[in-house]
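Peer 1: I'd like to ask you about the structure that follows.
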Ligand SMILES: [Zn+2]
């Protein structure tokens, strides 16, 4: 950093400066596969059945928005302040932890995001809760019986208009096996963004609104139209 342009509040400067670290509270939520209600799409799994990663996470409401995910610190063997808050009388937007089973997929249907950017054939994290995992395990066994794998299998996926339907879809119809050489990138995404982060959780806890300003009804937490309410794994 040069002395001429350096201000005391700057971390670094230049396009080759240090941009590592703090990914913000949204974590990997922007790279998660989600479907609109009453829609269908096509996906290819890049992860085989036995390789799905199972972990605990919390969903937290920040500045009025859900969809902020934090790994439970108990996965590191540490006391988890998010668990303590979620189970308290004043959870302040912190949901109880639940299990997810994570894989990488390719999302085949072209779509345009809110900023106008067009997405096609991009890899996404597929985060399934317990009910979806049961469905997928049956799909996986069908592929094994056919002498194939879930990895590189293409499925047509549908999500119903049910308020409590899983955001990753509820109906999976096998289409065909795909030659990975035909894909732009058939490698799995980096799962390290799911790692529990004690420093980030500490910052988060410090930034949450007070119990008084938040309102402290535990049932306030679950938003309509997400799959947070139906198949959370109790512990
Ligand atoms: Zn926790």
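Peer 1: Strands (runs of 3 or more DSSP E) wholly in the stretch 110-219 with at least 2 residues that are exposed (fewer than 15 other Cβ atoms within 10 Å of the Cβ) and modelled with pLDDT under 90 - which ones? Give the derivation first.
Peer 2: Details: elements: 122-128, 153-159, 171-177.
Strands (runs of 3 or more DSSP E) meeting the threshold: none at all.
Peer 1: Need pairs with beta-carbon distance below 8 Å; first residue at positive phi and within the stretch 32-47, second buried (at least 17 other Cβ atoms within 10 Å of the Cβ) and in a strand (DSSP E or B); sequence gap 6+ or separate chains.
Peer 2: Taking only residues 6 or more apart or on different chains, the pairs are 38/159.
Peer 1: If I ask for residues that are more than 16 Å from the ligand (Cβ to nearest atom), in contact with a helix residue (DSSP H, G or I) (Cβ under 8 Å, 6 or more places away or on another chain) and either closer than 14 Å to residue 125 by Cα or in a strand (DSSP E or B) (or both), which ones from the stretch 47-61 would you list? Before you say what the answer is, go through the steps one by one.
Peer 2: From the stretch 47-61, those more than 16 Å from the ligand (Cβ to nearest atom) are 47-53; that's our starting set.
Next, from what is left, pick out any that are in contact with a helix residue (DSSP H, G or I) (Cβ under 8 Å, 6 or more places away or on another chain): 48-49, 52-53.
Once the filter is applied, which keeps residues that are more than 16 Å from the ligand (Cβ to nearest atom), in contact with a helix residue (DSSP H, G or I) (Cβ under 8 Å, 6 or more places away or on another chain) and either closer than 14 Å to residue 125 by Cα or in a strand (DSSP E or B) (or both), the stretch 47-61 yields 48, 52, 53.
Peer 1: Does the stretch 27-44 contain any residue that is assigned to a strand (DSSP E or B), within 16 Å of the ligand (Cβ to nearest atom), at pLDDT 90 or above and under 25 Å from residue 154 (Cα atoms)? I'd like the intermediate steps shown before the answer.
Peer 2: We begin by selecting, within the stretch 27-44, every residue assigned to a strand (DSSP E or B); these are 32, 39-44.
From what is left, the residues that are within 16 Å of the ligand (Cβ to nearest atom) are none.
Checked against the condition, which is being assigned to a strand (DSSP E or B), within 16 Å of the ligand (Cβ to nearest atom), at pLDDT 90 or above and under 25 Å from residue 154 (Cα atoms), the stretch 27-44 yields no hits at all.
Peer 1: Within the set of pairs 6+ apart or on separate chains, which have a first residue in the stretch 76-104 that is free of Cβ contacts under 8 Å to residues at least 12 places away in the same chain, a second that is assigned to a loop (DSSP other than H, G, I, E, B) and within 12 Å of the ligand (Cβ to nearest atom), and C-beta atoms under 8 Å apart?
Peer 2: As it stands, the answer is 87/96, since those pairs meet every condition given.
Peer 1: Is it fair to say residue 76 is within 16 Å of the ligand (Cβ to nearest atom) and over 24 Å from residue 209 (Cα atoms)?
Peer 2: Working: within 16 Å of the ligand (Cβ to nearest atom): yes; over 24 Å from residue 209 (Cα atoms): yes.
So residue 76 passes the test.
Peer 1: Among the residues of the stretch 9-26, are any in a loop (DSSP other than H, G, I, E, B), in contact with a strand residue (DSSP E or B) (Cβ under 6 Å, 6 or more places away or on another chain), surrounded by 15 or more Cβ atoms within 10 Å (Cβ to Cβ) and modelled with pLDDT under 75?
Peer 2: Yes; the residues of the stretch 9-26 include at least one that is in a loop (DSSP other than H, G, I, E, B), in contact with a strand residue (DSSP E or B) (Cβ under 6 Å, 6 or more places away or on another chain), surrounded by 15 or more Cβ atoms within 10 Å (Cβ to Cβ) and modelled with pLDDT under 75.
Peer 1: Now for a different question. Go through the stretch 62-75 residue by residue and tally those that are touching a residue at least 24 places away in the same chain (Cβ under 8 Å) and part of a strand (DSSP E or B).
Peer 2: 7
Peer 1: Scanning for something buried (at least 16 other Cβ atoms within 10 Å of the Cβ), assigned to a strand (DSSP E or B) and modelled with pLDDT of 90 or more, does the stretch 76-90 turn up at least one residue?
Peer 2: So far as the stretch 76-90 goes, no, none of its residues is buried (at least 16 other Cβ atoms within 10 Å of the Cβ), assigned to a strand (DSSP E or B) and modelled with pLDDT of 90 or more.
Peer 1: Let me ask another. Here are some residues: 172, 125. Which one is within 30 Å of residue 199 (Cα to Cα), away from the ligand (no atom under 16 Å from the Cβ), touching a strand residue (DSSP E or B) at 6+ places or on another chain (Cβ under 6 Å) and in contact (Cβ under 8 Å) with a residue 24 or more places away in the chain? If you could, list the steps in order and put the result at the bottom.
Peer 2: Details: 172 fails: within 30 Å of residue 199 (Cα to Cα).
Answer to the check: 125.
Peer 1: Here's a follow-up. Please find, among 93, 67, the residue that is more than 30 Å from residue 180 (Cβ to Cβ), modelled with pLDDT of 90 or more and away from the ligand (no atom under 11 Å from the Cβ).
Peer 2: On the way: 67 fails: modelled with pLDDT of 90 or more.
Checking each option against the conditions leaves just 93.
The values are calculated or read from the model by the stated rules, or taken from the named source; none is laboratory data. Everything quoted here is computed from the prediction, not taken from an experiment. Every residue, glycine among them, receives a Cβ derived from its backbone with ideal geometry; neighbour counts consider all protein chains shown.
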